Amino acid sequence: MAYNPFNSDFKKKIPIGKIPESRLLKKCGLTNGIGFVKECFITQERSEEKGDKESNKNKKRRKKKKTITDVLTSSEPVPGSPADLLSFLKSHHSQTRSVIEQEELTLSESCFLSSNDLTHSLSSYLKEVCPKWAKIQKQHTQTRSVVLLIICGSALRTIDLIKQLIAFKGQTKVLKLFAKHIKVDEQMKLLSKGVTHIAVGTPGRICALLEKEGLTTQGLRFLVLDWNYRDQKHRRMVDIPEVKGDLLKMMDQGLIQSCREGTVKIGLF
């Protein structure tokens, strides 16, 4: 009987597993050079196909994930609103506070000034939300306190905002409050020496001054957050993790309570 590996009768007579390897190859026609090489080519092609598939899978795995910068760059700037700040506070406090404590930290619409619609400079925005500034700043006589507190994300942005205040501030005293090259004790002395009307600074340093009572909220009337500004990486202040954490901590230093009591108004610039 001629060998046929697919013949069931042949398999019964000679079990395939018991045929010596040389005989099996000879009967299958794989011992002649052409047949054996052809079979090797098929195996090689399959291995190449498998390698291509694996490399494609690796490329998909290595695909770069989108960063905050990528997302923000592709999105159109939208003016911040009170709802954005409330959502920001709620998302944090919902993980750390009870429901009752969260209700005590909610802010009503009356706690807010009108928000910047992205058409204002800092001076024009402040003139709109503080129309009686000349009268208000004359009434301020307390040390270790300011009437207007502006919060931004970096020391460089602080300097930039102070320059933008020229058309608004008049003869009022402005103090920069950030950590870069300035010790907190030096800033505490400056605040206690004389009356300061406006302070511009970062959340981390403001928080440190509030904790050490170098700065109080007693004379504070306006809290302006530099909400819409984006840095070179297109990040807002609340998109930078360390600044975001300091901002939340700062708000808990009596500022939310002052807003709820009606003594402080919040503006989103």
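Brief remarks on what is shown
- Amide H partners (placed H, <5 Å) of residue 265, local residues excluded: 222, 223
- Model label points for residue 124 and residue 91, set 7 angstrom from Cα along the Cα-to-Cβ axis, are 3.0 nm apart.
- Inter-probe distance in nm under a simple model that places probes 7 Å from Cα toward Cβ, at residue 107 and residue 230: 2.3 nm
- Net dipole in debye of segment 78-268 [+1 Lys, Arg Cβ; -1 Asp, Glu Cβ; about Cα centre; nearest 20]: 820 debye
- Protection proxy ranking of 85-93, 244-252 - average other beta-carbon atoms within 10 Å, highest first: 244-252, 85-93
- Spatial offset of segment 197-214 relative to segment 172-191 amounts to 8 Å, using the alpha carbon center of each.
- Calculated FRET value between residue 100 and residue 134, using beta carbons and R₀ = 35 Å, to 0.05: 0.25
- Where segment 78-268 is the region considered: accessible area per residue in Å², 1.4 Å probe: 51 Å²
- Residue 185-residue 216 FRET efficiency (beta carbon distance; Förster radius 22 Å; 0.05 resolution): 0.85
- Accessible surface of segment 141-221, 1.4 Å probe, proportion on carbon and sulfur as whole %: 52 percent
- Nearest-0.05 FRET efficiency for residue 143 and residue 252, computed from C-beta distance (R0 30 Å): 0.80
- Loop-located GluC sites (Glu not before Pro) in segment 150-226 (DSSP state other than H, G, I, E, B) with a sparse environment of at most 10 neighbouring Cβ atoms within 10 Å: 213.
- What the phi angles of segment 113-120 give under the Karplus curve with 6.51, -1.76 and 1.60, with θ = phi - 60°, is a coupling list of 8, 5, 8, 5, 8, 6, 9, 9 Hz, glycine and proline written as x.
The values are calculated or read from the model by the stated rules, or taken from the named source; none is laboratory data. This is a predicted model, so every value here is computed, not measured. Methodologically, a virtual Cβ is constructed for each residue, glycine included, from the backbone with ideal geometry; neighbour enumeration extends over all protein chains shown. Surface areas here come from the heavy atoms of the whole protein model, side chains and all, with no ligands, DNA or RNA. Shrake-Rupley method; radii C 1.70, N 1.55, O 1.52, S 1.80 Å.
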